[in-house]
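Undergrad: Take this structure, written in structure tokens, and hold onto it; I'll ask about it next.
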Amino acid sequence: MYNSKIIGLGKYVPENVVTNNDLSKLMDTNDAWIQERTGIKERRWIDKNSEDTSAVMGAKAARIAIERSGLTKDDIDFIVFATLSPDYYFPGCGVQIQDMLEMPTIGALDVRNQCSGFIYAVSVADQFIKTGMYKNILVIGAEYHSGGLDKTTRGRSVSVIFGDGAGAAVMSRAENTDHGILSSHLHSEGKYAKELIVEGPNIKHWVPQMLEENNPDDISYFPYMNGQHVFKHAVVRFSEAIMEGLAANKLEKEAIDMLIPHQANLRISQFIQKKFGLRDNQVFNNIQKYGNTTAASVIIALTEAWEAGKIKDNDLVVLAAFGSGFTWGSVVIRW
Ligand code: COA
């Protein structure tokens with residue numbers, strides 16, 4: 001068995017900054033409500049004239065991660081791409097990356113685990129590297145939310161939260177070291193699938209039917225979120241996933257050098273920080289700038305924390321996420 005290690009990180013966010021005040025021109029909302037409930041000040045939304053998509057942003061982040069890893073695109077053996085907003089219903093974004101980066105005909109896997117997508121993707125890559133099947137894997141999380149949000153007052157409780165962006169990591173085989181990914185833990189509870197969902201079109205209510213019905217009140221193709229229900233489960237599951245990761249490595253919460261929580265809501269991160277007794281410099285948050293970028297959020301935050309010099313060799317880094325599915329999980333890394 002080998003260890004896997006993150007050897008390159010990259011991120012890309014669209015240039016177009018949308019502030020809370022900008023949103024108040026589109027819908028009945030205001031800066032105070034959004035900041036008080038979520039901590040978000042602004043987010044990036046792809047400009048409609050831009051060529052950015054989830055795959056395009058993912059490719060931009062991936063190029064940076066590969067360059068920083070010291071490898072070339074031809075050294076990559078496999079691609080794992082996590083998103084809930086793929087460019088096409090099918091095929092997934094993974095194959096687009098293979099093409100955009102002009103890579104050899106390596107395998108490409110798409111992960112559909114929403115806010116936990118990057119955690120699931122890292123875990124999958126870790127298993128492939130551990131068994132020796134692949135040596136270098138490109139793992140991407142990217143999200144183009146703004147194209148699918150209801151930007152009217154009707155959708156305000158959801159649309160103010162989500163932002164666009166992408167991040168990428170190169171994971172590689174590490175020999176003779178106890179550094180790298182120490183553990184990953186993954187969970188789901190499908191009975192809550194409909195508490196955070198985009199329901200339409202679905203296989204029983206497909207596009208021709210929707211067009212035929214032409215129902216302006218059909219909001220099934222916009223994200224629906226039972227916010228308070230999600231919040232209550234998130235704080236419990238985040239804590240469980242972090243504790244599970246620590247326990248599996250026989251570590252106490254005091255051992256955490258840096259916690260990178262999925263950027264769902266600053267209030268959730270603050271709750272977890274308090275519960276684990278962590279100082280401000282032990283938890284990284286950037287939701288204030290980007291909103292919730294779902295599968296991209298953990299990898300964008302990890303990249304920014306690393307770029308800012310907040311992650312050093314030998315640090316214990318814990319990644320944790322919770323989201324639609326419900327799905328949740330954690331990854332513990334000795335950097
Ligand atoms: N601007 C202003 N008012 C808004 C609003 C907005 N953007 N969105 C909703 N409101 C209003 C509601 O209409 C409601 O008004 P009413 O009391 O007159 O009916 C009021 O604000 C409270 O709405 P509610 O939905 O109960 O707010 P909340 O305190 O639960 O906060 C969330 C909403 C979404 C911020 C919160 O539930 C949350 O963060 N949940 C977790 C979300 C999450 O983590 N999602 C990602 C999972 S990965």
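Undergrad: Go through segment 302-328 and report how many residues are over 18 Å from PHE81 (Cβ atoms), away from the ligand (no atom under 16 Å from the Cβ) and either within 15 Å of the chain's Cα centre (by Cα) or not in a loop (DSSP other than H, G, I, E, B) (or both).
TA: 7
Undergrad: Among the numbered criteria (1) in a loop (DSSP other than H, G, I, E, B); (2) within 27 Å of VAL230 (Cα to Cα); (3) in contact (Cβ under 8 Å) with a residue 12 or more places away in the chain, which single criterion is violated by LEU71?
TA: LEU71 satisfies every listed condition except (2).
Undergrad: Taking the condition of being modelled with pLDDT of 95 or more, crowded, with 16+ Cβ neighbours inside 10 Å and assigned to a strand (DSSP E or B), how many residues in segment 152-204 meet it?
TA: 20
Undergrad: Okay, moving on. Answer yes if at least one residue in segment 278-301 is within 16 Å of the ligand (Cβ to nearest atom) and more than 29 Å from ALA168 (Cβ to Cβ), and no otherwise.
TA: There is no residue in segment 278-301 that is within 16 Å of the ligand (Cβ to nearest atom) and more than 29 Å from ALA168 (Cβ to Cβ).
Undergrad: Is it true that GLY190 is more than 24 Å from THR153 (Cα to Cα) and within 16 Å of the ligand (Cβ to nearest atom)? Full working, then the answer.
TA: Numbers: more than 24 Å from THR153 (Cα to Cα): yes; within 16 Å of the ligand (Cβ to nearest atom): yes.
Yes, satisfied.
Undergrad: I'd like to check something: does segment 118-131 contain any residue that is buried (at least 17 other Cβ atoms within 10 Å of the Cβ) and in a loop (DSSP other than H, G, I, E, B)? Outline the logic, then answer.
TA: Kept after step one, since they are buried (at least 17 other Cβ atoms within 10 Å of the Cβ), are these residues of segment 118-131: 118-126, 128-129.
Of the ones still in play, those that are also in a loop (DSSP other than H, G, I, E, B) are none.
Within segment 118-131, not a single residue is buried (at least 17 other Cβ atoms within 10 Å of the Cβ) and in a loop (DSSP other than H, G, I, E, B).
Undergrad: More than 27 Å from LYS130 (Cβ to Cβ) and modelled with pLDDT of 95 or more: which single residue out of ASN249, ASN215 fits that description?
TA: That would be ASN215, the only listed residue that is more than 27 Å from LYS130 (Cβ to Cβ) and modelled with pLDDT of 95 or more.
Undergrad: Another question, if that's okay. Which of the residues that make up segment 38-56 are farther than 14 Å from PHE162 by Cβ and either part of a helix (DSSP H, G or I) or touching a Gly at 6+ places or on another chain (Cβ under 7 Å) (or both)?
TA: ALA55, VAL56
Undergrad: Can we say LEU259 is closer than 18 Å to SER184 by Cβ, more than 16 Å from the ligand (Cβ to nearest atom) and among the aliphatic types (A, V, I, L, M)?
TA: yes
Undergrad: Turning to a different aspect of this structure: Can you confirm whether segment 207-223 contains a residue that is in a strand (DSSP E or B) and in contact with a helix residue (DSSP H, G or I) (Cβ under 6 Å, 6 or more places away or on another chain)?
TA: no
Undergrad: Which of (1) in contact (Cβ under 8 Å) with a residue 24 or more places away in the chain; (2) within 14 Å of the ligand (Cβ to nearest atom); (3) assigned to a helix (DSSP H, G or I); (4) out of contact with any helix residue (DSSP H, G or I) (no Cβ under 7 Å at 6 or more places or on another chain) is the odd one out, the single condition ILE34 does not satisfy?
TA: The number of the failed condition is (4).
The values are calculated or read from the model by the stated rules, or taken from the named source; none is laboratory data. Model, not experiment: these values are computed from the prediction. Backbone-built Cβ (ideal geometry, glycine too); neighbour counts: all protein chains shown.
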